[in-house]
1. List the number of the failed condition for Ile117; all other conditions in (1) on the phi > 0 side of the Ramachandran plot; (2) of a type outside the set (Asp, Glu); (3) in contact (Cβ under 8 Å) with a residue 12 or more places away in the chain hold.
2. Report whether or not Asn80 is in the same structural domain as Gln105 (by TED's automatic domain parsing) and among the polar types (S, T, N, Q).
3. Before we move on, is Asn13 more than 26 Å from the chain's Cα centre (by Cα) and among the polar types (S, T, N, Q)?
4. Can you pull out the residues in the range 27-48 that are of a type in the set (Gly, Ala, Ser) and either in contact (Cβ under 8 Å) with a residue 40 or more places away in the chain or assigned to a helix (DSSP H, G or I) (or both)?
5. Tally the residues that are surrounded by fewer than 16 Cβ atoms within 10 Å (Cβ to Cβ) and assigned to a helix (DSSP H, G or I), restricting the search to the range 49-74.
6. For the range 75-101, how many residues meet the condition of being outside any helix (DSSP H, G or I) and touching a Leu at 6+ places or on another chain (Cβ under 8 Å)?
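The values are calculated or read from the model by the stated rules, or taken from the named source; none is laboratory data. Just so it is clear, the structure is predicted and the values come from calculations on it, not from any experiment. With ideal geometry, Cβ positions are generated from the backbone for all residues, glycine too; neighbour counts draw on all protein chains shown.
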Amino acid sequence: MTIGQALRKIRQNLDLTQKEMAANIVTRPFYAKVEAGKSRISADKLAAILFEHDVDITYFYQLLRATYTSKQKKIESDLNNKMEQAFNVGKIDEIESCYQEILSQSHSKILKLRAMISVAYLKNKLNQIDPKIKKDLFPGFKIEVQH
């Protein structure tokens with residue numbers, strides 16, 4: 001969904017006219033062009049309109065996320081969500097599968113580290129993580145192994 005489409009959806013949900021939605025922050029004709037995707041609106045004006053109508057900014061940006069997120073970020077987000085779900089239910093085989101997918105499809109160093117640590121944690125093998133990685137993550141990071 002584009003910014004204009006999201007504004008239109010919110011305006012219609014609020015049962016406002018374009019003039020009411022513009023709220024004298026921008027002119028109605030300009031606002032109509034923004035909704036139609038023919039003009040761009042500044043971040044300041046957009047924020048002012050959203051705040052004027054008590055629109056939750058997080059909700060607004062969620063409407064835009066699919067349109068403005070890169071393909072690579074979508075892949076990484078999907079992999080991260082898949083990994084988190086597997087971790088939350090303790091499915092080691094699924095986490096390992098996610099880890100392999102992350103290694104082959106992701107460019108995110110942090111996502112790769114999270115996956116590696118998740119696998120090690122669930123397998124109770126945190127002590128086998130390369131000391132250099134531990135040092136890079138947290139200076140002075142130590143894992144105590146209980147016997």
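1. Of everything listed in (1) on the phi > 0 side of the Ramachandran plot; (2) of a type outside the set (Asp, Glu); (3) in contact (Cβ under 8 Å) with a residue 12 or more places away in the chain, Ile117 misses just condition (1).
2. In short, yes.
3. Answer is no for this residue.
4. Ala32, Ala43, Ala47, Ala48
5. 16
6. 1
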